[in-house]
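Trainee: To start, I am sharing the structure in question, which I have written as structure tokens.
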Amino acid sequence: MRTTLVRNIATLVTNDPDPDRGPGPLGLVQDAALVIEGDRIAWTGRTADAPATDDAVDAQGRTVLPGFVDSHSHLVFAGDRTQEFNARMSGQAYAAGGIRTTVAATRAASDEVLGANVARYLAEALRQGTTTLETKSGYGLTVADEARALRVAAEHTDEVTYLGAHIVAPEYADDPAGYVDLVTGEMLDACAPYARWIDVFCEKGAFDGDQARAVLTAGKAKGLLPRVHANQLTYGPGVQLAVELEAASADHCTHLTDADVDALANSATVATLLPGAEFSTRAPWPDARRLLDAGVTVALSTDCNPGSSFTSSMPFCVALAVRDMKMTPDEAIWSATAGGAAALRRTDIGRLTPGARADLAFLDAPSPVHLAYRPGVPLVSEVWRAGRRV
């Protein structure tokens, strides 16, 4: 395999703290270089110490950090909810019922339209530095539509989540128990071959704690790993359920009791915070400072979806987390890279250390702090995935 040296990096974010070489949570190395061999990182250090390689690339004084890991999105959809957003920004409250609008449009769309939409938003995210992206079903809510959503998603990413339990399907409005039976039975059988994860929206207006437990337990029995939409709109059982079932992540975590925070702090469940949703719904911000001070592992993600967070920009979410969620720039950047990897239970991404996948985002800036310091500016100038410039 050929080796490539990337040299003259102003600041390299390794996410591998080393007091002698790269201190702090980001493991920063100044005047740095790294070596790529095949699709992996083979070496990192200072440019002056770099070994000989087959090829070389001059970073020209830019920052290099791991590609962002977006561990929560909803990209398999059709239609548009501009009117809903406009109404909400004009004073109407957000409610989960808006999902039904997207369900109708998604059911009516062709496979080609759905696939083109997923490809479009993945490309949009890639241009902004996202090299790993999870996405979910949840806008079909029939056996056939959920299965095809996952089939489409699996053509574009390995991180695919079955979310048949997004809301109760319209046809089952008067029989939610019957819908849970469908989600845990025939629908699960059809969807499990395409998915790695199972998720449930445990929330008032969606699924209560007992229903959510039934969904996740059935998914685990089929070999799917759990994650939970938890405590977004109200206080509820979602976080406790996520910890009880050893879910990889509890996502949103906007309304937390002290017991919820303690449960997360004493578990391997990651709290994935989605500031794009709060931005787009004018909801209270999650208290990231409270979680971090308690020792909870925190991830940041976009929640890209057509209703409550229509952004694919991880840099934007980093800026929001710093400005409005009391995170330091270093904490937000770690959470958008290594934190996202932890939420997907991945050790090969979210860091730039020997053996990790060579996923790189170059910033036209001397420091990664510029992601929060210069919000809205397209700083990502180059992206590499698995050792190749894309």
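The values are calculated or read from the model by the stated rules, or taken from the named source; none is laboratory data. None of these values were measured; they are calculated from a predicted model. Heads up, the Cβs are rebuilt from the backbone with ideal geometry, glycines too, and the neighbour counts pull from every protein chain shown. In case anyone asks, the SASA skips ligands and DNA or RNA and just uses the protein heavy atoms, side chains included. Shrake-Rupley method; radii C 1.70, N 1.55, O 1.52, S 1.80 Å.
Trainee: May I ask you to list the residues in the stretch 352-364 that are over 19 Å from GLU37 (Cα atoms) and open to solvent by 10 Å² or more (accessible area, probe 1.4 Å)?
Mentor: First, the residues of the stretch 352-364 that are over 19 Å from GLU37 (Cα atoms): 363-364.
Of everything in the stretch 352-364, just one residue is over 19 Å from GLU37 (Cα atoms) and open to solvent by 10 Å² or more (accessible area, probe 1.4 Å), namely ASP364.
Trainee: Could you pull out the residue among ASP251, ASP262 that is open to solvent by 20 Å² or more (accessible area, probe 1.4 Å) and either in contact (Cβ under 8 Å) with a residue 40 or more places away in the chain or among the acidic types (Asp, Glu) (or both)?
Mentor: On the way: ASP251 fails: open to solvent by 20 Å² or more (accessible area, probe 1.4 Å).
Answer to the selection: ASP262.
Trainee: Right, ASP80: more than 22 Å from the chain's Cα centre (by Cα) and acidic (Asp, Glu) or not? Steps first, answer last, please.
Mentor: Values: more than 22 Å from the chain's Cα centre (by Cα): no; acidic (Asp, Glu): yes.
Answer is no for this residue.
Trainee: Taking the stretch 365-390 as the search range and keeping residues that are part of a loop (DSSP other than H, G, I, E, B) and closer than 17 Å to LEU28 by Cα, which one is most open to solvent (accessible area, probe 1.4 Å)? Spell out how you get there, then give the answer.
Mentor: The initial filter retains those residues of the stretch 365-390 that are part of a loop (DSSP other than H, G, I, E, B), namely 365-369, 374-379, 386-387, 390.
Narrowing the set further to residues that are closer than 17 Å to LEU28 by Cα leaves 365-369.
On the way: ALA365: 7, PRO366: 76, SER367: 32, PRO368: 3, VAL369: 56 Å².
Here the residue is PRO366.
Trainee: For the stretch 122-146, what are the residues that are within 22 Å of ASP70 (Cβ to Cβ) and in a helix (DSSP H, G or I)?
Mentor: Residues of the stretch 122-146 within 22 Å of ASP70 (Cβ to Cβ): 122-140, 146.
Hits for the stretch 122-146 are LEU122, ALA123, GLU124, ALA125, LEU126, ARG127, GLU146.
Trainee: Within the stretch 318-351, work out how many residues are without any contact (Cβ under 8 Å) to a residue 60 or more places away in the chain, under 19 Å from PHE362 (Cβ atoms) and either of a type in the set (Phe, Trp, Tyr) or open to solvent by less than 10 Å² (accessible area, probe 1.4 Å) (or both).
Mentor: Pass one, the stretch 318-351, residues without any contact (Cβ under 8 Å) to a residue 60 or more places away in the chain: 318-329, 332, 347-348.
Now narrow it down to the ones that are under 19 Å from PHE362 (Cβ atoms): 318-319, 329, 332.
Pick out the ones that are also either of a type in the set (Phe, Trp, Tyr) or open to solvent by less than 10 Å² (accessible area, probe 1.4 Å) (or both) and you get 318, 332.
The number of residues fulfilling the criteria is 2.
Trainee: Just for the stretch 34-72: of the residues that are in contact with a helix residue (DSSP H, G or I) (Cβ under 8 Å, 6 or more places away or on another chain) and assigned to a loop (DSSP other than H, G, I, E, B), which one is surrounded by the fewest Cβ atoms within 10 Å (Cβ to Cβ)?
Mentor: Applying the filter and picking the extreme gives GLY67.
Trainee: Looking at ASP80, ASP20, ASP31, which one is part of a loop (DSSP other than H, G, I, E, B), of a type outside the set (Phe, Trp, Tyr) and either in contact (Cβ under 8 Å) with a residue 12 or more places away in the chain or open to solvent by less than 10 Å² (accessible area, probe 1.4 Å) (or both)?
Mentor: Values: ASP20 fails: either in contact (Cβ under 8 Å) with a residue 12 or more places away in the chain or open to solvent by less than 10 Å² (accessible area, probe 1.4 Å) (or both); ASP31 fails: part of a loop (DSSP other than H, G, I, E, B).
Just a single option satisfies the conditions, and that option is ASP80.
Trainee: How do the pairs read when you match residues in the stretch 197-215 that are within 27 Å of ARG151 (Cβ to Cβ) with residues anywhere that are of a type in the set (Gly, Ala, Ser) and at pLDDT 95 or above, using Cβ under 6 Å and keeping only pairs 6 or more apart or on different chains?
Mentor: ILE198/GLY219; VAL200/ALA165; VAL200/ALA212; CYS202/ALA212; CYS202/ALA230; CYS202/GLY238; PHE207/ALA165; VAL215/ALA165
Trainee: Now for a separate question. With the checklist (1) hydrophobic (A, V, I, L, M, F, W, C); (2) in a loop (DSSP other than H, G, I, E, B); (3) open to solvent by less than 30 Å² (accessible area, probe 1.4 Å) in hand, flag the one item ALA93 doesn't pass.
Mentor: (3)
Trainee: How many residues are assigned to a helix (DSSP H, G or I), open to solvent by 30 Å² or more (accessible area, probe 1.4 Å) and either touching a strand residue (DSSP E or B) at 6+ places or on another chain (Cβ under 6 Å) or farther than 30 Å from ILE333 by Cβ (or both) when one looks only at the stretch 106-121?
Mentor: Number satisfying all stated conditions: 6.
Trainee: Related question: Output the residues belonging to the stretch 280-310 that are in contact with a Cys (Cβ under 6 Å, 6 or more places away or on another chain) and within 12 Å of SER73 (Cβ to Cβ).
Mentor: Quick first cut of the stretch 280-310, residues in contact with a Cys (Cβ under 6 Å, 6 or more places away or on another chain) only: 286, 300, 302.
Within the stretch 280-310, THR302 is the sole residue that qualifies.
Trainee: Just checking, which of ALA147, ALA177, ALA165, ALA153 is more than 15 Å from ALA104 (Cβ to Cβ) and in contact with a Pro (Cβ under 9 Å, 6 or more places away or on another chain)?
Mentor: Details: ALA177 fails: in contact with a Pro (Cβ under 9 Å, 6 or more places away or on another chain); ALA165 fails: in contact with a Pro (Cβ under 9 Å, 6 or more places away or on another chain); ALA153 fails: in contact with a Pro (Cβ under 9 Å, 6 or more places away or on another chain).
So the residue among ALA147, ALA177, ALA165, ALA153 that is more than 15 Å from ALA104 (Cβ to Cβ) and in contact with a Pro (Cβ under 9 Å, 6 or more places away or on another chain) is ALA147.
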